[in-house]
1. In what sequence, highest mean first, do 99-110, 266-277 appear when ranked by Cβ atoms within 10 angstrom?
2. All other residues with a Cβ under 11 Å from the Cβ of L220 taken together, and with Lys, Arg as +1 and Asp, Glu as -1, what is their net charge?
3. Could you give the dipole magnitude of the chain about its Cα centre, charging the beta-carbon of Lys and Arg +1 and that of Asp and Glu -1, in debye to the nearest 20?
4. Under a 1.4 Å probe, what is the accessible area of the chain per residue, stated in Å²?
5. Name the residues whose placed amide hydrogens come within less than 5 Å of the amide hydrogen of V188, ignoring near sequence neighbours (fewer than 5 apart) on the same chain.
6. Tell me whether region 193-266 comes out rounded, prolate or oblate; compute the Cα gyration tensor, take square roots of the eigenvalues as a ≥ b ≥ c, and use a/c under 1.5 as the rounded threshold.
7. A269: net charge of surrounding residues, Cβ under 14 Å, Lys/Arg +1, Asp/Glu -1, itself excluded?
8. What are the ³J(HN,Hα) couplings of region 289-305, residue after residue, when phi is run through the Karplus curve with 6.51, -1.76, 1.60 and θ = phi - 60°? Round to Hz, x for glycine and proline.
Amino acid sequence: MSSASPRPLKRRSVIAAAAALPAVTALAACGNDDDSSEAAADADASTASGTIRLGYFGNVTHAPALVGLEAGVFADTLPEAVTIEETVFNAGPSAIEALFADAIDISYIGPNPAINGWAQSSGQALHIIAGSTSGGAGLVVKPEITTVEDLRGKALATPQLGNTQDVAARYWLKEQGFATDENGGGDVSVTPIDNAEVAAAFDDGTVQAAWAVEPRYSDLLLKHGAVEFLNERELWDGGEFVTTHIIVSKKFLDAQPALVKAFLEGHLAALDYIAANPDDAQVKSNDRIEALTDKRLDDAVIAAAFENLSFTADPLADSLQGSKDHAVEIGLLEEVDLTGIYALDALNQVLADRGDTEVSAGDLA
């Protein structure tokens, strides 16, 4: 691995958010691509060369990508013959569309877009190769909402119809006995509002609650008078659920196993950096966010967001299965078999080489 000074990394223009990917008909995964996954595990990452077209969001939930780029961790870890070409996305469906169009190779992304991409391609377009981020979401409300029943007749914001937080909110509301629909009707009006606009909607009373994700979650609590009603960690075994993971194009995995393995080494180095330098990781993340959006998060907000997030290479496969099941139950996704969606051989080989504990795809292997 090279310890040379950071090399310049190419950045492409921001891609605007696309409409949510539609629900799909029932699909079965076609094959588990064991050969591709094993080839990546056996590859010599130190000989990797070429370009990795990397997708990510300018959001603190993608902190390993932000830190990996801003602190020069990727540049320092990847072989000198490897370059990264960045594409920044506003929403998961845009990243999936770019992957389908062969415009990116690897992307940090949320669970539900990855599930939709797997379903739409009959398991042929992508694989999940590592975890990245857990936690950082939940329900915040106006102070006068103190019981579940107080939510009846209220408007609750989610970031986007069918996205990870939208599914979590609708499923939880159904468990509480509330009816919702995709048009904002029902007992609780679930209202998709862009993350950048939800604070204003909360302030002016357009919505009285929000199922938000960091840093909006902490921003609403610290700056807009919201109170925490439910941290989503309370709903998952062990308090961990996938918020962000890493997907790879199957085409890229097949063609460039050494590059995939090298990138995973860089990803683990970024996770190490965050664990060893949490304060600096917050600064570096905020620097990158500001460079991408021309806005800097308040120091208190990003500190609270980091406190509410966990950064891990474990993909937390059980929670992915749970998210899929929830989306099916509330009618936003038709049944799809996720068996084979993970390709973790390369990650586990890198972990084993480091002396770290390997991770599992659980029932989805």
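The values are calculated or read from the model by the stated rules, or taken from the named source; none is laboratory data. None of the values given here were measured: they were computed from a predicted structure. A quick note on method: Cβ atoms are made from the backbone with ideal geometry, for glycine too, and the neighbour counts reach across all protein chains shown. Heavy atoms of the whole protein, side chains included, go into the accessibility calculation; ligands, DNA and RNA do not. Shrake-Rupley method; radii C 1.70, N 1.55, O 1.52, S 1.80 Å.
1. On the way: 99-110: 22.7, 266-277: 19.8.
Ranked from most to least packed, the peptides come out as 99-110, 266-277.
2. Values: positive: K142, R216, K223; negative: D203, E214, D219, E228.
The answer is -1.
3. On the way: 22 positive and 56 negative charges, 185 e Å.
Dipole about the Cα centre, nearest 20: 880 debye.
4. I get 38 Å² per residue for this part.
5. G153, A179
6. On the way: a/c = 3.57, a/b = 2.28, b/c = 1.57.
It is prolate, given that a/c is not under 1.5 and a/b is the larger ratio.
7. On the way: positive: K261, K284, R354; negative: E70, D76, E265, D272, D353, D356.
Residues close to A269 contribute a combined charge of -3.
8. Taking θ as phi minus 60°, the curve returns 4, 5, 5, 7, 10, 6, 10, 10, 6, 4, 4, 5, 5, 5, 5, 5, 5 Hz for region 289-305.
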